Amino acid sequence: MSGASLSAPSAVIFGCAGTALGADERAFFREADPLGFILFQRNCADPGQVRALVAELRQSVGRGDAPVLIDQEGGRVARLRPPHWRKYPSGAQIAALGTAAAAAARTAARLIADDLEALGITVDCLPVLDLSIPGADAVIGDRSYGADPARVAELGRAAAEGLLAGGVLPVIKHIPGHGRATVDSHFACPVVDLPRGELDVSDFAPFGSLRDMPWAMTAHVVYSAIDRVRPATLSPTAIGDVIRGAIGFEGVLLSDDLSMQALGGTLAERARGALAAGCDLALHCNGKLDEMREVAGAVRPLNAAAARRVATAEARRVAGRQGADRAALERQLDAWFGALA
């Protein structure tokens, strides 16, 4: 591995352990040179601390534009929480508004972007484009905007536009669709047996509608009609024929977390497999230094095509920033949702 000044950054996004970097973490990031980082609730105590941590992470790799990601969806998936940050509605709560739902999705996302930009966070893993399917595992559940692909696409686009207007890049997830999974991919590998034709017009459809988005995150799901053995994250067929092919997504493709148990093999094998299958970036989230060392030893430098996608996304983030009256947006959100419990 080479430091930031000697080569392209590594094709990986790493988490960190706590609210500040330890000396071992700092030295590791300097040497491993990941493209960027992802934050979790364990990393977020208060605004001043998060701003300092974000700056410290970027300083460790010597790149002030290193992407810093977070999962700030609203509802139960929120890394920034009261009392320092506002609580936002879930996808299901937004969808329940009916005709006002698209405006609410855009408004909530615009406010989330405002929160994130103030901290230096540039990428949000939102919107969730997975369908809500009866009988599926609850891992998606109320994070989804519903069962109708067109409606999910409409509300997902509104959320993505809200983030972009706030200078934050959206990540559509979990491509090509996780909503039908009957087990939680954190703990086991879901298998979806629906015929390809049905998948194209249901689960895959919202992603096709938002194919122009800058970033996407893969699903650790086996689609037997596409690849009977490998989940999409590790499947050249799922990525090449479906995600890049039929869906037509051309942006930055990020794996879901490599430490999830849906993926077999060692962490090194998972990292190599995700990149070989066509992911631009591997993602490792838990901040465990021994695991990160294993992943760092397996990933390659960011290739030219991936670097172009990252640069295109960043240019779009900068160009899309618009001003907003936060107080007015908050009043509108309160009028729709009141005080969220």
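Here are the numbers for the structure shown:
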| item | result |
| --- | --- |
| Ascending count of other beta-carbon atoms within 10 Å, so fewest first, for D114, D130 | D114, D130 |
| Hull shadow area, averaged, the stretch 185-263 [alpha-carbon convex hull, nm²] | 4.6 |
| Kirkwood-type radius of the stretch 229-341, with distances r between different C-alpha atoms, in Å | 16.7 |
| Rg followed by Dmax, in Å, when the stretch 151-292 is reduced to its Cα trace | 14.6, 43 |
| Rg(Cα)/(2.2 N^0.38 Å) for the stretch 1-70, N = residue count | 1.02 |
| Of L258, G62, A92, farthest towards positive along the dipole that unit charges on Lys, Arg, Asp, Glu beta carbons give the chain | G62 |
| Cβ charges +1 (Lys, Arg) and -1 (Asp, Glu), total dipole of the stretch 52-185, debye | 120 |
| Dipole axis of the stretch 199-249 (+1 Lys, Arg; -1 Asp, Glu on Cβ), positive-most option in G248, L199, Y223 | Y223 |
| Simple spin-label estimate for R244 and A335 in nanometres, 7 Å along Cα-Cβ | 4.7 |
| Against the rule of thumb 2.2 N^0.38 Å, how large the Cα Rg of the stretch 221-283 comes out | 1.02 |
| Charge dipole (debye, nearest 20) of the chain; +1 at Cβ of Lys and Arg, -1 at Cβ of Asp and Glu | 440 |
| Size-normalised alpha-carbon gyration radius of the stretch 10-321, reference 2.2 N^0.38 Å | 0.92 |
| P(r) histogram, all alpha-carbon pairs of the stretch 107-157 included - 10 Å bins from 0, percent | 24, 40, 28, 7 |
| Over the chain: helical MRE at 222 nm, DSSP H runs n ≥ 4 each giving -39500 (n - 2.57), nearest 500 | -11000 deg cm²/dmol |
| Nitroxide proxy distance, nm - points 7 Å out along Cα→Cβ at R30 and T312 | 3.6 |
| FRET E, pair A225, A188, Förster distance 22 Å, beta-carbon r, rounded to 0.05 | 0.65 |
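Each value in this text was obtained by applying a stated rule to the coordinates, not by laboratory testing. Predicted model only: the values in this text are computed from it and were never measured. Note that each Cβ is placed from the backbone with ideal geometry, even for glycine, and that neighbours are counted across all protein chains shown.
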